[in-house]
1. Among the listed pairs 245/444; 137/251; 393/444; 251/292; 29/150, give every one whose C-alpha distance is greater than 20 Å.
2. Beta carbons within 10 angstrom, averaged per residue: use that to sort the peptides 295-304, 393-402, 131-140, highest first.
3. Can you sort 367, 339 so the residue with the fewest Cβ neighbours within 10 Å comes first?
4. Put +1 on the Cβ of each Lys and Arg and -1 on the Cβ of each Asp and Glu in the chain; which of 371, 360, 83 then has its Cα farthest toward the positive end of the dipole?
5. Can you tell me, using C-alpha contacts under 8 Å and at least 6 residues apart, the relative contact order of the chain as a whole percent?
6. Under the rule a/c < 1.5 gives rounded, and otherwise a/b versus b/c splits prolate from oblate, where does the stretch 385-486 land using the Cα gyration tensor?
7. Can you list residues from other chains, or at least 5 along the same chain, whose modelled amide H is less than 5 Å from the amide H of residue 151?
8. Along the positive direction of the dipole of the stretch 16-154 (beta-carbon charges: Lys, Arg +1; Asp, Glu -1; about the Cα centre), which of 54, 139, 68 reaches farthest?
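Just so you know, all these numbers are worked out from the coordinates, no wet-lab data involved. None of the values given here were measured: they were computed from a predicted structure. Cβ atoms come from the backbone with ideal geometry, glycine included; neighbour counts cover every protein chain shown.
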Amino acid sequence: VSGSRAGKSSGIASYNTANILLTKDSRVKTSPIWLAWRETLADDLRELTSTQRSWLHSIGWQAGRGNIALLPADNGSQFAGAILGMGDNPGKHTPKRDSMLAAKLAKELPAGAYEFTRIPGENPQLAGVFWLLASYKFSRYLQKTGNQKKHLRLPDDCDIKAAVQIAEAVMLGRDLINTPAIDMGPEELAAAACKLANAHLAEMDVLGDSDLLAREFPLLHTVGRASDRPPRLIDLRWGKEDAPKVTLVGKGICFDTGGLNLKPGNAMLLMKKDMGGAAAVLSLGKMIMDAKLPVRLRILIPAADNNVSGNSFRPGDVITSRCGISVEIGNTDAEGRLVLADALSLADEEKPDYLINMATLTGAARVAVGAEISPFFTDNDKLARKIEKSSRKVLDPVWRLPLWKPYRTHLNSQIADLNNVSSDSFAGSISAALFLQRFVRNAKHFVHFDIYGWVPSARPGFPKGGEPQAARTLFAMLQKQFQANE
Ligand code: BES
Ligand code: MN
Ligand code: ZN
């Protein structure tokens with residue numbers, strides 16, 4: 001993914017992500033995109049000529065949602081614009097998801113420059129984000145990639161720079177997840193975080209193998225020690241020291257074999273994405289720093305491989321964590337909560353205002369809500385409502401699940417303070433969240449997201465592959481909270 005660049009002079013900005021562009025440059029000649037609803041069809045198409053209307057009729061086009069038709073000029077020699085079917089009458093259904101149709105257009109329209117006569121979803125910035133997200137292609141290992149430029153001109157009052165920054169942050173997250181484990185170990189993940197830190201003049205520490213023992217991150221070290229790529233603790237800090245403290249913690253398991261409780265082949269296949277939480281917090285961190293939110297940001301990533309080796313940790317082992325809680329290992333495949341526990345303890349020591357954890361933590365979360373929705377956990381009802389509201393606004397779906405206290409007993413151990421797996425076979429995502437919560441004592445607000453980190457089959461704007469889910473939602477929530485003009 002190429003970086004953004006400022007456009008020509010005179011305050012007209014033009015931004016380029018891959019080959020899809022947003023612009024406000026009035027000198028760019030654009031083809032119109034008309035929106036047409038079933039019930040207002042005649043009125044929606046009134047600017048068309050009768051020849052164009054009979055063309056639409058003759059090709060059998062109907063105003064079903066997402067149906068795109070290309071229109072010739074009357075003399076047939078030129079492309080005159082596109083029609084986007086919107087389905088039923090506006091207002092009949094929630095129009096909000098319509099922004100996503102911009103992604104469908106970006107994918108299907110021929111190369112060229114376009115302009116909406118009316119913005120689908122009525123949120124130009126969000127339509128811009130989806131237009132850009134559709135352009136993503138993971139091309140690191142491909143010999144050649146296409147380059148068809150597709151411009152979208154957005155209205156003058158739209159902040160296209162912000163749209164590009166959000167889309168590029170998502171693409172950073174996608175790139176990190178899509179990169180196979182062979183090229184995305186703890187060291188490479190740390191290098192990616194360093195690159196982001198450098199671009200924003202953030203402070204950065206990476207604790208290596210021996211530091212982790214010396215500085216007391218026993219759970220992270222125990223999980224990561226079986227790999228010849230030693231574990232790391234990535235610690236990025238940015239912003240004014242006296243600003244509200246927002247700390248993001250992301251699970252950075254670069255490959256999850258399951259450890260001695262080895263995963264079967266099909267369950268292991270996608271486990272390069274087990275650093276999806278790390279990718280999501282880096283993506284979110286980039287959005288926060290690009291927007292210069294007035295917060296003191298900290299990003300903590302426990303990075304490790306969960307490997308099989310002679311020195312692997314074992315089922316039945318007991319390890320005392322950073323904060324003193326002893327943990328019996330019921331299953332070496334529940335490694336995410338172990339590495340996160342030590343990172344959460346460190347985060348919690350400075351009493352952050354917001355402590356946000358993101359992780360591809362459990363298969364059970366997928367059983368509960370599938371791949372598209374990110375379950376989240378918090379005891380703070382007000383914050384939960386803010387997150388839900390932001391999620392609806394930016395079309396990045398989340399769903400709250402309960403931190404159900406009675407299930408805490410499912411994590412009891414005979415010989416240690418906690419077991420790392422539940423004695424109950426139900427509610428796996430909740431018991432994992434309750435496990436994490438035990439390591440948070442001082443943070444003002446704690447939120448945990450159990451994301452999938454992956455799009456299993458492509459949807460408009462979401463190509464199959466890595467996805468830093470919930471990052472856009474959290475950015476929208478934090479922006480509303482901390483940016484005066486939002
Ligand atoms: N990384 C996995 C969770 C996962 C699996 C996420 C599949 C998405 C898709 C995690 O480390 C894990 O293996 N969890 C176990 C926990 C169990 C042993 C209590 C799981 O969910 O099966
Ligand atoms: Mn696992
Ligand atoms: Zn895992």
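1. Working: 245/444 10 Å; 137/251 24 Å; 393/444 25 Å; 251/292 25 Å; 29/150 12 Å.
Pairs exceeding the cut-off: 137/251; 393/444; 251/292.
2. The packing order, highest mean first, is 295-304, 131-140, 393-402.
3. On the way: 367 12, 339 28.
Fewest-to-most Cβ neighbours within 10 Å comes out as 367, 339.
4. About the Cα centre, the residue reaching furthest to the positive side is 83.
5. It rounds to 15 percent for the chain.
6. Numbers: a/c = 2.92, a/b = 1.56, b/c = 1.88.
Judged from the Cα gyration tensor, the stretch 385-486 comes out oblate (a/c at least 1.5, b/c at or above a/b).
7. So residue 151 has HN proximity to 21, 112, 113, 114.
8. Going by the charge dipole, the pick is 139.
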